[in-house]
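The values are calculated or read from the model by the stated rules, or taken from the named source; none is laboratory data. Because the structure is predicted, anything quoted here is derived from the model rather than measured. Ideal geometry is used to build each Cβ from the backbone, glycine not excepted, and the neighbour counts take in all protein chains shown. When the accessible area is computed, the model is the full protein with side chains, heavy atoms only, and any ligands, DNA or RNA have been set aside. Shrake-Rupley method; radii C 1.70, N 1.55, O 1.52, S 1.80 Å.
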Amino acid sequence: MSALQRQPGSLGSHPATSDIDALSDDDFDLALYLCYEVHYRTLTEADWEWDPGLLGFRSRLEQVFVDRLREEIGYVTTDGSTDVVSALDDLIRGRSGPSLSVYLSDSGTLEQFRELCVHRSVYHLREADPHSFGIPRLTGEAKAALVEIQYDEYGYGNAEYMHSALFAGTMTSLGLDATYGSYVENLPGVTLAMVNLTSMFALQRRWRAALVGHLAISHMTSVEPMYRYSQALARFGIGSDGRRFYDVHVNVDARHAAIARDRLVASLISAEPHLETDPLFGAAAVLMLEGRFERHLLDAWTLDRSSLVPWEMNARGSDL
Ligand SMILES: [Fe+2]
Ligand SMILES: [Fe+2]
């Protein structure tokens, strides 16, 4: 991170990436996260957004990241007898593994829920922003469908109802710091890998169909966990203001899922059939990384440990 405190053009030599699991290595995923963050709300004073050295470094990390994703999920296809949206349904039916939301609603502690919010803050405090990069890359019905979803995500014109603002309200009600980026140093690779996936799809036009698949599967798997998280907060005595983020998603995400599945994905693939496998790649990657994330938290809690990275104990003070 200290490299980005210097002036653009001064990025040093690139570290070796062999023997690194790009889907869980804390330093690898923080480095990739920072490369993407300069396109959102950079965490440093200097403007690195189009620095050639940084873009080259990012490209190298991305290749390692994509290779690792392919290693895990391979090439997901529609097997010729079904369509893309039906294949998305099949991916959801094929999920396995423990459920974080079931655990938290049934028996998790308030401290564990706060920890979950710290992890999720890196995504929810800028919720909808990555997918907005997809708007100029789509046309016709797919573009209109994405904008319809995003309009709700941004509070249908009211800043206080933006989903990112609602999540900030949840964090505040739990006594957490809702400042953008405040917990980045405490996030492990398994958490940052999820936001890196979103940013990689968002910031490169060639991944536009994967971004759409990412949005669709995220909504198609949202309502039940959101309901359980709200139930958990109610069990902890958190009032409606603190639960609003989750309750709003219970109310709107079934409709968003239908728009994403039946209009956004279907229209894009109808217009660009050569991209057919990309929404499935995006969706499968989301489910795989989410599964690894949930197992990481549950495993840590089983051992009565924190799932976060204690900043003062890690060695991330070094250059990118
Ligand atoms: Fe949302
Ligand atoms: Fe939504």
TODO: From Val195, Val184, Val250, Val265, grab the single residue that is open to solvent by less than 10 Å² (accessible area, probe 1.4 Å) and under 20 Å from Leu100 (Cα atoms).
DONE: Val195
Open item on the list: If I filter region 230-270 down to residues being small (Gly, Ala, Ser) and touching a Lys or Arg at 6+ places or on another chain (Cβ under 7 Å), which single residue comes out as nearest to His131 (Cα to Cα)?
Closed with: Ser230
Open item on the list: So, in region 269-308, how many residues would count as being under 23 Å from Arg114 (Cα atoms) and free of Cβ contacts under 8 Å to residues at least 12 places away in the same chain?
Closed with: 6
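Just give me the residues in region 215-247 being polar (S, T, N, Q), open to solvent by less than 20 Å² (accessible area, probe 1.4 Å) and away from ligand 1 (no atom under 11 Å from the Cβ), in sequence order. Working first, answer last.
The first filter runs over region 215-247 and keeps only residues polar (S, T, N, Q), leaving 218, 221-222, 230-231, 240.
Of the ones still in play, those that are also open to solvent by less than 20 Å² (accessible area, probe 1.4 Å) are 222, 230.
Answer for region 215-247, where residues must be polar (S, T, N, Q), open to solvent by less than 20 Å² (accessible area, probe 1.4 Å) and away from ligand 1 (no atom under 11 Å from the Cβ): just Ser230.
Touching a Leu at 6+ places or on another chain (Cβ under 9 Å) and of a type in the set (A, V, I, L, M): does that describe Leu197? It would help to see each step written out before you state the result.
Numbers: touching a Leu at 6+ places or on another chain (Cβ under 9 Å): yes; of a type in the set (A, V, I, L, M): yes.
So Leu197 fits the description; yes.
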Open item on the list: Taking the conditions exactly as written (charged (D, E, K, R), more than 16 Å from ligand 2 (Cβ to nearest atom), in a helix (DSSP H, G or I) and surrounded by 18 or more Cβ atoms within 10 Å (Cβ to Cβ)), does Arg206 satisfy them or not?
Closed with: no
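Select, from Ala87, Ala31, Ala46, the only residue that is part of a loop (DSSP other than H, G, I, E, B) and open to solvent by less than 40 Å² (accessible area, probe 1.4 Å).
Working: Ala87 fails: part of a loop (DSSP other than H, G, I, E, B); Ala31 fails: part of a loop (DSSP other than H, G, I, E, B).
The unique qualifying residue is Ala46.
Take Arg41 and tell me if it is surrounded by fewer than 20 Cβ atoms within 10 Å (Cβ to Cβ), modelled with pLDDT of 95 or more and charged (D, E, K, R). Please lay out each step first, then the result.
Working: surrounded by fewer than 20 Cβ atoms within 10 Å (Cβ to Cβ): yes; modelled with pLDDT of 95 or more: no; charged (D, E, K, R): yes.
Against the criterion (surrounded by fewer than 20 Cβ atoms within 10 Å (Cβ to Cβ), modelled with pLDDT of 95 or more and charged (D, E, K, R)), Arg41 does not qualify.
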Open item on the list: Among the listed residues Leu211, Leu215, identify the single one that is in contact (Cβ under 8 Å) with a residue 12 or more places away in the chain, within 11 Å of ligand 2 (Cβ to nearest atom), in a helix (DSSP H, G or I) and out of contact with any strand residue (DSSP E or B) (no Cβ under 7 Å at 6 or more places or on another chain).
Closed with: Leu215
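Filter region 268-295 down to residues that are acidic (Asp, Glu) and not in a helix (DSSP H, G or I) and give me whichever is least open to solvent (accessible area, probe 1.4 Å).
Of all residues in region 268-295, those acidic (Asp, Glu) come to 272, 276, 278, 290, 294.
With the extra rule that they be not in a helix (DSSP H, G or I), the set shrinks to 272, 276.
Numbers: Glu272: 40, Glu276: 67 Å².
Selected residue: Glu272.
Has region 191-214 got any residue that is of a type outside the set (Ser, Thr, Tyr) and within 13 Å of ligand 1 (Cβ to nearest atom)?
Within region 191-214, the first condition is being of a type outside the set (Ser, Thr, Tyr), and the residues that meet it are 192-197, 200-214.
Filter once more, so that each one left must be within 13 Å of ligand 1 (Cβ to nearest atom): none.
No: zero hits.
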